[in-house]
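I have placed the structure first, in the form of structure tokens, so that the comments after it can refer back to it.
Coordinate-derived values only; no laboratory data. In this text, all values refer to a predicted model and were calculated from it rather than measured experimentally. Note that each Cβ is placed from the backbone with ideal geometry, even for glycine, and that neighbours are counted across all protein chains shown.
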Amino acid sequence: MTNASETRKLIGFDPRSQFEGGKFSPLGQADFLAGGDPKEVLGRMAACYLAFRKPSREGLFEEIVVIAPPRLAWDVSDEEIGDMLKLGVQAIWDGLTPEEVAHLLVNVAIHRCERLQSAEVVAAVQAAGARRICLIPEASKYRDDAQSDRTGVIGFSRTFLSEDTWVPHVVRLATASLAVAKETESVLVFHSTEQLLKKENMERLNAVEQLYPGVLVDSAGKAPKQELLTKLVPRWVTMCVAGRSQEALRELEDADLGEESRREVSLYLAIRMKDRAQVLGQLRSYLDERSELQSDAAVNMGRTAHRFGDAEMARTFLTGAADGASDQMTLVLLLDVATSMSDESLVRAAWERLVALLPNEPFLNENREHRLLLTSEVVGKTEEASPSRVGFGAFESHLADALYQQQEVRYQDVYAHVLANWPQNQRLAALCLAVHASTSRRLEAALNFAVLAFEEEVYEERAAWILLAVLKRMFIQEVQPEEGMDIYKVPLLLISKHLSDHPALGQMRAELIEVLSVEFAGPVGLAVLAAFTLDVIGAGAPMAEPTQVWQRSDDRQLRAFFARALRWMSQQPAIEPGVTELPQGLLNDDANRLLASLQAILQFTARGDDTPDQLDMLEKVAYVMCLLKPYAPGNNVDLSALRLFAAKCWYFGRAQRARDVAEQILTLAGDEPERRRLAWGCYADILHFTGSPLDALIGLACAAMTDAKLSASDLYQEAYVLLRVTRDLHFFSVARKLLPTCRTLFDIEGVGEAGRQRLDGIELSLDVAQASGRGEAELIGLLERTRQHCAEVMAGRDELFSAASHFLQIAGMVERAGGTLPPESAALRAALEERHVGTHLRAVSTAFPTPQEVVDLYNGLENARYSDDVAGDQRAVVVAAHRLLLPRQPEVPPADAAVAVELLSDRALEKSAAQKLVVDWPASFVSQLSGEGLSVVMLATDSAGELVSVISESGKLSLERAERRETSFASRLKTWSADYPYEYGLISREAGNVDFYSSMEKLGLGLPNAARLLVVAQPALQQIPFNLALVEREFAGASIAIGASPSLTWFEEVRKRPRAGTSKRVAWISCAPEVETYRTLEMLYARLSPVFEQHGFETDTSGGIPANIRGADLAVVTAHGQLTSDKRFIHRIADEQEFVESPLTLARSLAGIELVILFVCSGGRVDSHPFANTTVSLPKMLLDRGCRVVVASPWPLDSVVPGNWLERFLEAWDAGDTVLDANFKANRYVSERLGPEAPLCLAMAVYGDVLLRKADDGSQ
């Protein structure tokens, strides 16, 4: 470079060092600079390039061309651009006169792009001519129409930055522009005011030939925030996700950060932790500064406020944000959140700005279609703001007019009109019609149009959601067409197909599982899913050619690689398969060879002694294999590695970790059909281990629906999982039919001795599962078969757990039947214990486990993230606890029985299973309660089905066993539950209490005669109305204040929980008080409304659950409750008009309300879950969602009860009585007013925190 100063120190950006000597040719190359003042950067870079000379000493470049964005995106005038260049020359060229500066800048052209589209920049470079210095400010704002903004897997450990969106666009822009610059011998200078922090994004830019990217650094020589955003924040996020949020916040507080950075990160972590109070509190601190916020910051804060439920704060942040927004991401976010808020002015501002800058932005079309769908959802008149119609054309306007607020729509006519005028939009029209029909609950039309919309890939996901809504309504309404249940398989088929193609759609999968659950669909859901899955799998599967077998790396290479990989992993903030990228430089051999060696290590480790070190080693090997996967296309052993690791997690009591790994496998599935099928098969396998049959069946169905070819060994594994699932669902005939298929697949590819042993083991498992009715000789024969099989596996190479569990289970059955183990069997059990296998299974398999063994088994379980998973995790504990209650000599001590019943109680509620147990705690706790005036009875059955009661009165414990009858108590309970308690509500007053006495006498449940009694019972016994138990030949509830709690653990926890501190009371009864002909709900309203008014209730009679019911501390719900068609399981909540909803929906609406009173037929009914040790009931759903106590009737409630009961209950409640005592007084009042008939005076029962009192000052 000549004639330019190299000695004078410059303040700010100084590019001179990179031009030192001027001995390189800049022709056909480009710079990309991120950060700094664009005027300073571009002006000085231009001045440096002006210094280049031809051999003739003339300037190398003919002209400076400034290719500027639209004024909306870069509000810099032509005059200011000229000043920018003058200042740049004056800074770089020392001592020039104004005339000399003007001479240097005599050839300057300014091209103003009309849109922020990359193609305009490339065209401007082409049009500029040869030997030009092209300056391109705000390069990161341009978008290439061919470049998708979709990102790969982000995961929880990676920080997503705006640069992840714009760098791919800049790469394409630079590549296309450089192709022109090389031809024209020009030089390009791209500048971005956006930060560039990530190493991987810098590498993407460096990969563009002749592009030289740079990041302007601060005075310390570091890119601003790079350490913070690329290392520290991912570490803190990972800690928060792992439950170590307080530790993360302490590190943040101690970090060497500026106050503003600390503030930003603190808000980000609060968002990731979903801490609503913390997020909104921090956002409020920005409100006073909103005038100083950049548009992107204001939009992000407004979006966050909206997401966390503060619409007014969101509107404050967002108002005016469009005026200063010029980048695509900010405007897209603004348009999206404005649409969600139904704010016409915000939508219009964002839409018009985005159209002006990026008319081809794909989100514009997506948003227009989304608003059309929102418009289609509005059925009937509403006071809510209508979705904006900005940007609607003739098609959208016609469809919106035809559907918005319309109720009686002739769908076929509307669709025919669209076909005639806009055939290209027929699938979108079908989707809109499906949305409207679904909202209108015209299920057949919704189903048909959703199926049509599903045929176009872009609408497939939304159509799948509609089909899921249709399936949900079908189950609620128990649709049973004449042609059978196959109608349910239509939506199930398409939903499963979509999930099969998109394994990472966790929310859709979770909602499908909920719709099919017993709580939602009753017993029909599982039956429909099982039939569907068997149909799909029964269609057969294509078989692939045998997979390539890779040679292993030699031991030296493997050891060196593994050590380096582990060392590198230990230095990372988090390791997340599919997200964390292993440096290629760490590989010292072909990735496939390394994977083959690691797979061998994994299998060898899995066969070793079951110790925590084994699990740690399995995790390390599996995760290294996942990191190697990107370097081995087509190799899918990483999924099998994770599956094996997850199975071992389950074995070690870490079922939640196993479920997390299963989810992780689905995120790694990718787009290849074969890999997706393998991922779904792994998911099904793991979820079967963790006791989730619905998840396992969905996984198997989705695997089959990929239609991918698999090798015989992989198909064998899939069939093996299906066989186990059908076995555990007691579909024994189906399971046995699958055995020949497995053996055929085994013969095709010869999956090894381990495969044959597994087949023998699964056949044995079918015999073990059906062993309970066998005689002594048959048991001894089965014992010998299981012993031989276990010894064979133990001597071989396969995983031992299944074989050991079958052997030990039968060994325990022999001992409990009074037999003695043969010497060979006794020796094998001892050998298993030496290998730590028998130790894990001892509590489950031994004839009489000790209390400490059972408690240790429970305490060794990892806490489940969701209460729905608890019962599945505790299956082994339940088996052992039942055995702990078996009679023996000497008799089981009451304290031991108490801990057994506590472990058998319903622990599948939020926080119930989070605490570790101490053997003597249940006995100590009930003694304390009874010493304070609340007697306790704990009820459960032993392994023989006989009733055991642990009674605590006046601080003393005793154990009682029900008298033996011809049939066991469990058998009598099964007979009783076929009719009751539902039939109790149908007995007329004239019939008296004869049937009540008779049925309860046959059942044979006795309770202690105490003044106040808390019942804690295993789920199967909670279906009994304890008010009806006979005490001295009279109903217990007539003289005893009785209430039930799910478990002692839950009861203690809820008693410690802070009170809500509100005094809001809400009553909801969906009725029409103004109608002339009163129906049941109108009559109840007439009777209850004076009581509501007297006691300060807000009363709502609308046809939907009122939104203002949240935040109440007392709620009264009056509605019809309906059971499933087989008169089990609370299934529907309805009024006498159009309202029909699931109990789950009601429970979610009432979440957090302390006291809930249900005047709902069978609203207090409790059913035992058919596949798990938990209950299915509306009270359980409410307690699981933060309610403290529920009062309801377990049978159909007579309409004369609520008016009489409620007035006396509220009097006692307001006077300070506990809910237990207030209910007892109210029931007695009903008896005095209406008579002693049990359906009336013993209907209302208490479930939950029976000692809850009205909170006047926030205390208990």
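How much of the DSSP beta bridge set in the stretch 1057-1248 is antiparallel, as a percent to the nearest 5? Present the calculation step by step, with values, prior to reporting the outcome.
Working: 13 of 31 bridges.
If I count the DSSP bridges inside the stretch 1057-1248, around 40 percent turn out antiparallel.
Determine the percent antiparallel among the DSSP beta bridges restricted to the stretch 852-1054, to the nearest 5. Before the final figure, lay out the partial values.
Details: 14 of 25 bridges.
If I count the DSSP bridges inside the stretch 852-1054, around 55 percent turn out antiparallel.
Once you've got the Cα coordinates, tell me which of K274/K472; K1056/K1127; K916/K1225; K648/K974 are over 30 Å apart.
K1056/K1127; K916/K1225; K648/K974
Give the relative contact order (percent, whole number) for the stretch 852-1054; include only Cα pairs under 8 Å separated by 6+ residues.
Averaging sequence separation for qualifying contacts and normalising by length gives 21 percent for the stretch 852-1054.
Neighbouring Cβ atoms within 10 Å as the yardstick, rank K1056, K1002 fewest first.
Fewest-to-most ranking of K1056, K1002: K1056, K1002.
For the pair R743 and T975, what calculated FRET efficiency results from E = 1/(1 + (r/R0)^6), where r is the Cβ-Cβ distance and R0 = 35 Å, to the nearest 0.05? Write out the running numbers ahead of the final one.
On the way: r = 42 Å, r/R0 = 1.19.
So the FRET efficiency works out to roughly 0.25.
How much length would be gained if the chain were fully extended between Q412 and S285, taking 0.36 nm per residue of separation minus their Cα-Cα distance, in nm to one decimal?
40.3 nm
Determine which lysines satisfy two conditions relative to K198: a Cα distance under 25 Å, and not lying fewer than 8 residues away in the same chain.
K39, K141, K222, K225, K231, K629
Provide the percentage of antiparallel DSSP beta bridges, counting only those with both residues in the chain; round to the nearest 5.
35 percent
Which FRET efficiency value, to the nearest 0.05, do you get for D535 and K1127 by plugging their Cβ-Cβ distance into 1/(1 + (r/R0)^6) with R0 = 25 Å?
After rounding, the FRET efficiency stands at 0.30.
Give me S954, S977, S186, S924 ranked fewest to most by other Cβ atoms within 10 Å of their Cβ, as a rough exposure proxy.
Sorted ascending by nearby Cβ count, the order is S954, S924, S977, S186.
Report, in order of residue number, the helices in the chain meeting two criteria: a C-alpha extent of 30 Å or more along the helix axis, and a mean Kyte-Doolittle hydropathy of at least -1.0; treat each whole DSSP H run as one helix.
Details: long enough: 163-184 (31 Å, 0.19).
Membrane-span-like by this criterion, though nothing is claimed about a membrane: 163-184.
Students often check this: by mean Cβ neighbours within 10 Å, which of 1068-1078, 56-66 ranks highest, and how do the rest follow?
Per-residue Cβ counts within 10 Å, averaged per peptide and sorted highest first, yield 56-66, 1068-1078.
Determine, for L335, L1048, L973, the number of other Cβ atoms within 10 Å of each Cβ, and report the residues in order from fewest to most.
L973, L1048, L335
Taking K54 as the anchor, which lysines have their alpha carbon closer than 20 Å to its alpha carbon, excluding any fewer than eight residues away along the same chain?
The qualifying lysines are K23, K182.
How would you rank 1097-1105, 990-998, highest first, on the average number of other Cβ atoms within 10 Å across their residues?
The peptides rank, most packed first, as 1097-1105, 990-998.
Hey, which lysines would be in cross-link range of K737, C-alpha to C-alpha under 28 Å, not counting anything within fewer than 8 residues on its own chain?
Candidates past the 8-residue exclusion: K489, K497, K709.
Among [x] 55.4; [y] 78.9; [z] 110.4, only one was calculated for this model; which label is it, if the read-out is mean projected area of the Cα convex hull in nm²?
Among [x] 55.4; [y] 78.9; [z] 110.4, the one calculated here is [x].
For the peptides 1238-1247, 711-720, 417-426, what is the packing order when you average, over each peptide's residues, the other Cβ atoms within 10 Å and list the highest mean first?
In decreasing order of mean packing, 1238-1247, 711-720, 417-426 become 1238-1247, 711-720, 417-426.
Checking the a/c ratio against 1.5 first, then a/b against b/c, what shape does the Cα gyration tensor give for the stretch 1057-1248?
It comes out rounded by the Cα gyration axes.
Name the residues whose placed amide hydrogens come within less than 5 Å of the amide hydrogen of H1131, ignoring near sequence neighbours (fewer than 5 apart) on the same chain.
Those lying under 5 Å, H to H, from H1131 are Q1122, L1123, T1124.
I need the shape label for the stretch 366-433. Rule: rounded when a/c is under 1.5, else prolate if a/b > b/c, else oblate, with a, b, c from the alpha carbon gyration tensor.
Oblate, since a/c reaches 1.5 and b/c is not below a/b.
What does the C-alpha gyration tensor say about the overall shape of the stretch 506-550? Classify as rounded when a/c is under 1.5, otherwise prolate if a/b is larger than b/c, or oblate.
Here the stretch 506-550 falls in the oblate category.
On a full-extension model of 0.36 nm per residue, what is the gain between S1199 and A795, subtracting their alpha-carbon distance, rounded to one decimal in nm?
138.5 nm
Tell me, what is the percent relative contact order of the stretch 1-111, built from C-alpha pairs under 8 Å that lie six or more residues apart?
Relative contact order comes out at 35 percent.
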